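Below is a structure I'd like to ask you about.
Only the coordinates and a few stated rules stand behind these numbers; no lab work does. None of the values given here were measured: they were computed from a predicted structure. Cβ coordinates were reconstructed from backbone atoms using ideal geometry, including for glycine residues, and neighbour counts include every protein chain displayed.
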Amino acid sequence: MGAGGALNRNPINVEKLALIDDATRAACDSLDGVADGIINDPRACTGDHFSAQDLICSTDNTEQCLTRAEADTLEKLYDGPVLKDGTRLSWGLAKGAENAGDWEYWLFGDESEGGAPMNEQMGRGGLARVMGDPEIDFASFDLESNWHRIEQASRSRDVRDTDLTAFRQSGGKLVIYQGWNDAIVRPMVTIEYVEEVRENTPDTEDFMRLYMMPGVAHCGRGPGPDDAPFLEAVVNWVESDSPPHELIATKHSEAGEALMTRPLCPYPEAARYRGQGSIVKASNFRCRE
Ligand SMILES: [Ca+2]
């Protein structure tokens with residue numbers, strides 16, 4: 001059943017995103033060795049550490065717990081679209097930064113954007129065309145019986161070619177970045193794509209890097225440092241034959257003041273704390289697998 005459908009049928013009170021964000025952080029922030037509000041690799045935040053079921057109210061519904069329906073919907077958002085027979089169609093959302101703004105904007109909708117979630121506003125036209133139904137209704141859409149039509153449409157619309165040999169031979173360089181807490185371009189979709197390119201294209205180290213950005217939502221927002229010199233990285237690679245390794249990302253305050261720096265690392269490396277010194281200084285971290 002589709003995760004978005006679950007949210008339509010059994011909405012989560014948007015006010016509870018703060019509760020969810022606090023709970024995932026309390027359970028999983030320190031798994032990477034640094035209590036900084038950032039879950040470095042949400043894959044480590046398994047059900048052993050945090051389950052939506054842990055937040056279910058023991059008495060009447062209050063603001064400080066989830067109804068059973070809300071908890072079930074939250075699990076579906078993390079799980080992503082999985083058919084009844086267990087077939088995974090795609091990936092879900094990563095845990096962490098649920099209250100950073102991305103979930104509300106893309107999945108819940110806010111009044112400033114006309115109420116409906118942005119993924120629905122942007123996706124409605126595409127789904128209507130695929131299904132041949134201009135009046136398509138997200139809330140009642142049945143993914144279980146229609147997923148193959150979406151799959152078929154995806155073949156001509158999505159980035160699915162994982163043999164980038166021609167791109168490499170033409171001298172192209174590819175630097176990809178992806179927020180771990182992006183609520184619309186799900187992080188595992190990007191990781192899976194890059195891993196498939198590595199399987200199907202020789203010498204990917206010569207032309208491709210992926211930078212996962214912990215605690216970062218869709219291109220920005222969230223607790224993680226989100227300002228990094230990706231353009232310089234690709235320019236230096238193309239023009240000076242200087243491949244990028246670690247890139248220093250900065251987190252700014254609303255006023256533009258630098259609050260934190262942290263290395264971003266070529267995947268599958270990640271920034272590890274050296275064990276001493278300020279946790280807001282990049283020099284106290286190093287990239288390793
Ligand atoms: Ca952390």
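Looking at the calculated P(r) for the range 3-156, what percent of the C-alpha pair distances fall above 26 Å? Spell out each step's value before the answer.
Working: 3784 of 11781 pairs.
Percent of Cα pairs beyond 26 Å in the range 3-156: 32.
When you take every Cα atom in the chain, what is the radius of gyration, and what is Dmax, the widest Cα pair distance, in Å?
20.1, 64
While we're here: If the limit is 32 Å between Cα atoms, which of Lys84/Lys251; Lys76/Lys281; Lys16/Lys84; Lys16/Lys173 go over it?
Working: Lys84/Lys251 42 Å; Lys76/Lys281 36 Å; Lys16/Lys84 28 Å; Lys16/Lys173 42 Å.
Beyond 32 Å between Cα atoms: Lys84/Lys251; Lys76/Lys281; Lys16/Lys173.
Students often check this: by mean Cβ neighbours within 10 Å, which of 28-34, 221-227, 185-191 ranks highest, and how do the rest follow?
Those peptides, ordered most packed to least, come out 221-227, 185-191, 28-34.
Given the range 1-54 reduced to its alpha-carbon atoms as identical point scatterers, what log10 I(q)/I(0) does the Debye formula return at q = 0.13, 0.15, 0.19, 0.26 Å⁻¹?
Reported log10 I(q)/I(0), two decimals: -0.39, -0.51, -0.75, -1.03.
Here is a follow-up. Kirkwood hydrodynamic radius for the range 57-96: how many Å is it when counted over pairs of different Cα atoms?
11.5
Then there is this: What shape does the range 106-254 have by the C-alpha gyration tensor, where a ≥ b ≥ c are the square roots of the eigenvalues, rounded means a/c under 1.5, and otherwise prolate means a/b greater than b/c and oblate the rest?
In terms of gyration-tensor shape, oblate.
Taking the Cα centre of the range 165-288 as origin, work out the dipole magnitude from +1 charges on Lys and Arg Cβ and -1 charges on Asp and Glu Cβ, in debye rounded to 20.
Numbers: 13 positive and 17 negative charges, 103 e Å.
Dipole of the range 165-288, to the nearest 20 debye: 500 debye.
No other cysteine beta carbon under 4.7 Å away is the test; run it over the chain and list who passes.
If one checks each Cβ against the other cysteines of the chain, Cys219 turn up with nothing under 4.7 Å.
Please work out the Kirkwood hydrodynamic radius for the range 185-281, using every pair of different C-alpha atoms, and report it in angstroms with one decimal place.
Values: mean 1/r = 0.0674 Å⁻¹.
After inverting the mean inverse Cα-Cα distance, the result is 14.8 Å.
Based on the Cα gyration tensor of the range 58-145, what are the three equivalent ellipsoid semi-axes, each the root of five times an eigenvalue, rounded to whole Å and given largest first?
25, 19, 13
In whole Hz, with x marking every Gly and Pro, tabulate ³J(HN,Hα) for the range 274-284 from phi via Karplus 6.51 cos²θ - 1.76 cosθ + 1.60, θ = phi - 60°.
Values per residue, Gly and Pro as x: 6, x, 8, x, 4, 7, 9, 10, 4, 5, 8 Hz.
Still on this model: Counting Lys and Arg as +1 and Asp and Glu as -1, each charge on the Cβ, what is the dipole of the chain about the Cα centre in debye, to the nearest 20?
Here the size comes out at about 520 debye.
Sticking with this structure for a sec: Search the structure for amide H atoms under 5 Å from the amide H of Ile248, placed 1.01 Å from N in the peptide plane, and list their residues when 5 or more places away or on another chain.
The list, which skips near neighbours in sequence, is Leu264.
Quick one: 3J(HN,Hα) in Hz for the range 189-200, Karplus 6.51/-1.76/1.60 with θ = phi - 60°, rounded, Gly and Pro as x.
Using θ = phi - 60°, the values come out as 5, 5, 4, 4, 4, 4, 5, 5, 4, 4, 6, 9 Hz.
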